[in-house]
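What follows is one structure encoded as structure tokens, with my remarks underneath.
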Amino acid sequence: MTPQEPSTEHYFAAAPQSEAKLGIVQTRLRGENFKFLTAASVFSKKRVDLGTRLLIETMLLPQTGWVLDVGCGYGAVGIAAAAFKPQLSVIMTDVNMRAVYLARRNLDLNKVKNAEVRHGAIYEPVKELRFNCILSNPPVSAGMETVKDIITEAPQVMAENASFQMVIRSKIGAKALPQVFTSTFGSCQVLARKSGYRVLMAEKR
């Protein structure tokens, strides 16, 4: 959950009207090289931001099953998860059509075959599925209610014993969001802390 870059348009806009201004980010995550096509009106277009990087570096992935990257942006988290565990089936969702386009292009750029991207808000595009792991760097600029909805609605699409992992900015959500985790899942664990961010995790029991 990281602050928005200065822009005339929110990165959670469904249909961005700004000029795309495409760019490429090349980076190394968990010892593997990745290349991401980025654009204006999509979050963190110049680099993989610190929050996303912390989530990727510390996320706990199941050995098999289904993984969801909700609010995927240009797809760094979901693509990394799919690359690290080719036996998983990964779905990425975003309300931003430009982000969906970029994430689909980035699947090809990184030669990832075990993932797909769906357009829509939060869990609407995947309500028929049940996931073994949900990952999110939520759009804090959409408002805390949206972030809370990502947490509280997660159990509806989670299998038993599935994990929910979310990166947050410590100075923004460190007090309120663990309470939402606990009220939703009955527990909240801090999986990692670094550079002003923390990864929260809970399991559906």
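The values are calculated or read from the model by the stated rules, or taken from the named source; none is laboratory data. All values reported here derive from a predicted model rather than from experimental measurement. For neighbour counting, all protein chains shown are included, and Cβ atoms are generated from backbone atoms with ideal geometry for every residue, glycine included.
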Item to complete: Of all residues in the stretch 23-39, count the ones that are surrounded by fewer than 18 Cβ atoms within 10 Å (Cβ to Cβ) and either modelled with pLDDT under 90 or in a strand (DSSP E or B) (or both).
Response: 9
Worksheet, complete the sentence: Residues of the stretch 42-67 being buried (at least 21 other Cβ atoms within 10 Å of the Cβ) and β-branched (V, I, T), in sequence order, are V42, V48, T52, I56, V67
Practice prompt. For the stretch 76-97, name all the residues that are touching a residue at least 40 places away in the same chain (Cβ under 8 Å) and either in contact with a Pro (Cβ under 6 Å, 6 or more places away or on another chain) or assigned to a helix (DSSP H, G or I) (or both).
Written response: A76, V77, G78, I79, A80, A81, A83, F84, M97
Item to complete: Only residues that are farther than 17 Å from F34 by Cβ, out of contact with any helix residue (DSSP H, G or I) (no Cβ under 9 Å at 6 or more places or on another chain) and either buried (at least 16 other Cβ atoms within 10 Å of the Cβ) or modelled with pLDDT of 95 or more (or both): list them for the stretch 97-120, please.
Response: R98, V100, Y101
Item to complete: Name the residue, out of V42, V67, that is in contact with a helix residue (DSSP H, G or I) (Cβ under 8 Å, 6 or more places away or on another chain), touching a residue at least 24 places away in the same chain (Cβ under 8 Å) and part of a loop (DSSP other than H, G, I, E, B).
Response: V42
Worksheet, complete the sentence: P138 meets each of (1) modelled with pLDDT under 95; (2) within 21 Å of S89 (Cβ to Cβ) with one exception, condition (2)
